[in-house]
1. Could you list, in sequence order, the residues of the stretch 299-334 that are of a type in the set (S, T, N, Q), open to solvent by 10 Å² or more (accessible area, probe 1.4 Å) and either within 25 Å of residue 355 (Cα to Cα) or not in a loop (DSSP other than H, G, I, E, B) (or both)?
2. Do any residues in the stretch 135-150 that are more than 13 Å from residue 116 (Cβ to Cβ) have Cβ atoms under 9 Å from those of residues that are among the polar types (S, T, N, Q) and assigned to a helix (DSSP H, G or I), where the two are at least six apart or on different chains, and which pairs are they?
3. Please enumerate the residues belonging to the stretch 279-292 that are part of a helix (DSSP H, G or I) and surrounded by fewer than 17 Cβ atoms within 10 Å (Cβ to Cβ).
4. Would you be able to tell me the number of residues in the stretch 217-264 that are in a helix (DSSP H, G or I) and more than 23 Å from residue 310 (Cβ to Cβ)?
5. Would you mind stating whether residue 143 is assigned to a helix (DSSP H, G or I) and modelled with pLDDT of 85 or more?
6. Can you say whether residue 96 is outside any helix (DSSP H, G or I) and more than 30 Å from residue 333 (Cβ to Cβ), as far as the supplied structure shows?
7. Within the stretch 101-140, can you find the residues that are open to solvent by 50 Å² or more (accessible area, probe 1.4 Å), under 24 Å from residue 162 (Cα atoms) and part of a loop (DSSP other than H, G, I, E, B)?
8. Please go through the stretch 151-191 and pick out each residue that is crowded, with 19+ Cβ neighbours inside 10 Å and of a type in the set (Val, Ile, Thr).
Amino acid sequence: MSRVFFFLCNVIYLSVLRISAPAAYLAVLWMEALLNEWLWQDEYWLPPGVHWQDLKMKEGGGRFPLPRDLIYTLPIAFAFIALRYVFERVIAAPLSRHLGVKDQVRIRAASIPRLETFYKQNSRQPSQSEVVSLGMQCGLSQRKIQTWFRHRRNQDRPNNTKKFCEACWRFVVYLVAFTAGLGTLINTPWLWDHRECWRGYPRQPVAEAHYWYYILEMGFYLSLLLCVSVDVKRKDFKEQVIHHITTIFLIGFSYCANYVRIGTLVLLVHDSSDFFLESAKMFHYAGWARMCDTLFIIFSLVFLVTRLVVFPSRVIHTTLILAREFFPTFFGYYFFNALLLVLQALHIFWAYLILRMIYKFMFLGKVERDERSDEESEVEEEEPEEEGDESSWEQRKGTINSKLGSLANNCVLNNLANHRNINSRLPKAR
């Protein structure tokens with residue numbers, strides 16, 4: 001069935017490129033032969049002496065994973081994207097209003113077609129020479145040109161509601177994935193004895209629950225990669241992209257090479273802490289500071305234990321050391337462990353950011369923002385504009401009020417500090 005689906009997808013794709021049906025048929029056969037000859041060679045994916053013919057479904061013996069099964073992850077990824085679209089509008093958005101999520105009021109940029117064209121086609125942050133040139137073309141001062149671009153950039157930045165909806169969607173998926181994964185693995189022998197991951201490898205049938213656990217997880221991460229350009233861009237954007245790509249390769253390769261048993265443990269370890277982070281983000285956007293801080297501390301503890309202790313000492317040790325007791329090393333062994341080490345490097349990077357947050361929490365008394373992955377591009381502060389702008393007085397008024405409030409607070413703090421110093425010196429004076 002999957003072979004027919006793969007064949008039809010290729011025929012449709014080549015037909016879209018206006019290739020005739022006979023030519024499309026020959027092209028598909030050529031592509032399949034090329035894949036079989038170069039990509040699906042036995043020595044790349046399986047230990048010496050094992051062939052793809054050995055991994056065929058036996059009657060009553062369960063299924064064996066085959067590469068063509070992964071073709072289903074692409075439609076599942078699009079299904080996740082559609083489900084997310086509905087979820088964010090039907091469930092997440094009303095929930096954000098119920099929890100009190102508020103969006104900052106932003107000044108919309110005036111409609112100036114020439115600046116809008118430059119903004120979309122050239123640059124969001126023009127250089128000084130470009131500002132001068134645009135000012136001459138539009139008959140505006142440099143200050144007004146800079147202000148327009150600042151307003152326009154702020155206009156495109158995601159608001160708290162969008163951030164909340166994205167965090168809510170990931171929270172639900174990670175929570176369901178962890179619960180389902182734990183439920184399917186709680187009674188498996190390899191969860192408690194990791195040598196069972198390799199006993200009988202690679203002729204290990206895959207249970208139906210673990211098959212769908214794998215396919216759905218890969219479809220979800222593929223949907224995250226497809227949506228990365230429209231999601232909220234965070235401080236660790238590049239690291240997140242590397243993480244998604246590595247995870248997809250890791251899931252795909254481990255499925256094809258029948259590393260499913262150890263792969264399910266990797267997925268379970270990763271899902272165990274992510275839903276705590278997403279829930280902390282949700283309460284952060286809602287302004288529930290105490291709940292956010294509590295969940296962030298729980299997330300930090302779970303993350304540091306699972307990613308810096310359990311993952312290297314149990315999972316990587318199993319794939320690097322214990323696996324060699326059951327089969328000789330081959331290309332897939334080195335490739336799989338290389339992907340795991342890339343994940344571990346990302347874990348160390350994120351652990352460094354989390355430890356910085358714990359330091360701030362202990363010495364400042366609160367979590368100001370998530371150093372790991374929740375530092376989105378902040379809204380740029382508004383500056384007072386030139387005279388003659390309609391909103392210049394309101395902006396100057398707000399700036400003056402904020403500075404007066406800050407000055408008053410500093411004065412009060414200074415008076416209190418001086419008062420304490422005087423009282424501390426009184427006994428000595430007496």
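1. Of everything in the stretch 299-334, those that are of a type in the set (S, T, N, Q), open to solvent by 10 Å² or more (accessible area, probe 1.4 Å) and either within 25 Å of residue 355 (Cα to Cα) or not in a loop (DSSP other than H, G, I, E, B) (or both) turn out to be 306, 313.
2. 135/142; 142/128
3. 289, 290, 291
4. Summing the residues that are in a helix (DSSP H, G or I) and more than 23 Å from residue 310 (Cβ to Cβ) in the stretch 217-264 gives 12.
5. So residue 143 passes the test.
6. no
7. Matches in the stretch 101-140: 102, 103, 104, 105, 106, 107, 108, 110, 124, 125.
8. Residue satisfying the conditions is 173 alone.
The values are calculated or read from the model by the stated rules, or taken from the named source; none is laboratory data. Owing to the predicted nature of the structure, the values given are computational and were not obtained by experimental measurement. Neighbour counts are summed over all protein chains in view; Cβ atoms, including those assigned to glycine, are modelled from backbone coordinates with ideal geometry. SASA here: full protein model, heavy atoms, side chains in, ligands and nucleic acids out. Shrake-Rupley method; radii C 1.70, N 1.55, O 1.52, S 1.80 Å.
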